[in-house]
Amino acid sequence: MRTKAMATALSLGMAATFTGFSASTANAYTNSDLSVSDWSRYTVECPCSDNSGLDFTEFKYDSGGKGLKLVVKKNNSPVAQVEFHPSDEILYVYDGKNDGDTIYVRAMWWEGSGFIKEEGTYWAPGTSAELDMNKIEMDDNDDIDEGTVVYFRLFDDKALTDPITDWYEYNGKA
């Protein structure tokens, strides 16, 4: 009986330990490690492109849009990237470092008369690939209204308790 009880306790302890490891989110950086560079263009002037960051970015023409590219760097080396493409309201989130962490992007905008706030949290998958990317259609039920400002805030954790940027610091326009 005693052996069975010890085996059960050991199994439960191991399960709790492994569950704790898998449920926690990694914070690979401190805010003092990171810097954010941004590149934006009113897309009435596009097609236009930028080579900085983790990849080549090209924005398409969109009469009322403003494209946004944010590159998160650690010691001036890109580790993550976010792009907002207004022509299709597409958001790309990149993770460029296999460090057990990814970047989390919170987006916010007001629809219609300004009384309905839409929000979403997006991130890149954390795989063993050299460069992970998540492509997101921002508002899959309907297009974001033309000219709507979309605000972005970056976080280092899925719980959204470790902000890298402030709200309203970076925005694009659909």
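The spacing between the stretch 40-90 and the stretch 105-164, judged by their C-alpha centroids, is 15 Å. For Phe152, neighbours were defined as the other residues whose beta-carbon sits under 14 Å from its Cβ, and their charges (Lys and Arg +1, Asp and Glu -1) total -2.
Solvent exposure of Glu118, expressed as accessible area, is near 60 Å², computed with a probe of 1.4 Å over the protein chains only. The relative contact order of the stretch 60-102, computed from alpha carbon pairs under 8 Å that lie at least 6 residues apart in sequence, is 32 percent. With protein chains left intact and a 1.4 Å probe, residues in the stretch 38-97 average 43 Å² of accessible area per residue. A simple spin-label model places pseudo-atoms 7 Å from Cα toward Cβ; at Glu111 and Asp162 they are separated by 3.3 nm. Taking label points 7 Å from Cα along the Cα-to-Cβ direction, Glu45 and Thr127 give a separation of 3.6 nm.
When Thr43, Thr127 are compared by accessible area of protein heavy atoms, the largest-first order is Thr127, Thr43, using a 1.4 Å probe.
The phi-based Karplus calculation (6.51 cos²θ - 1.76 cosθ + 1.60; θ = phi - 60°) puts the 3J(HN,Hα) values of the stretch 128-136 at 8, 5, 5, 9, 9, 9, 10, 9, 10 Hz, whole numbers, x for Gly and Pro.
For the stretch 128-169, averaging the sequence separation of C-alpha pairs within contact (under 8 Å, six or more residues apart) and dividing by the residue count gives a relative contact order of 27 percent. Cβ-Cβ distance of Asp145 and Lys74, R₀ of 35 Å, FRET efficiency by 1/(1 + (r/R0)^6): the value works out to about 0.45.
Remark: for residue pairs Lys135/Lys173; Lys69/Lys135; Lys60/Lys97; Lys73/Lys158; Lys74/Lys117; Lys97/Lys117, the C-alpha separation exceeds 23 Å in Lys60/Lys97; Lys74/Lys117; Lys97/Lys117.
The values are calculated or read from the model by the stated rules, or taken from the named source; none is laboratory data. On a predicted model such as this, the values are computed, not experimentally measured, just so you know. FYI the Cβ positions are ideal-geometry reconstructions off the backbone, even for glycines, and counts take in every protein chain you see. These area figures cover heavy atoms from the full protein model, side chains too; ligands, DNA and RNA do not enter into them. Shrake-Rupley method; radii C 1.70, N 1.55, O 1.52, S 1.80 Å.
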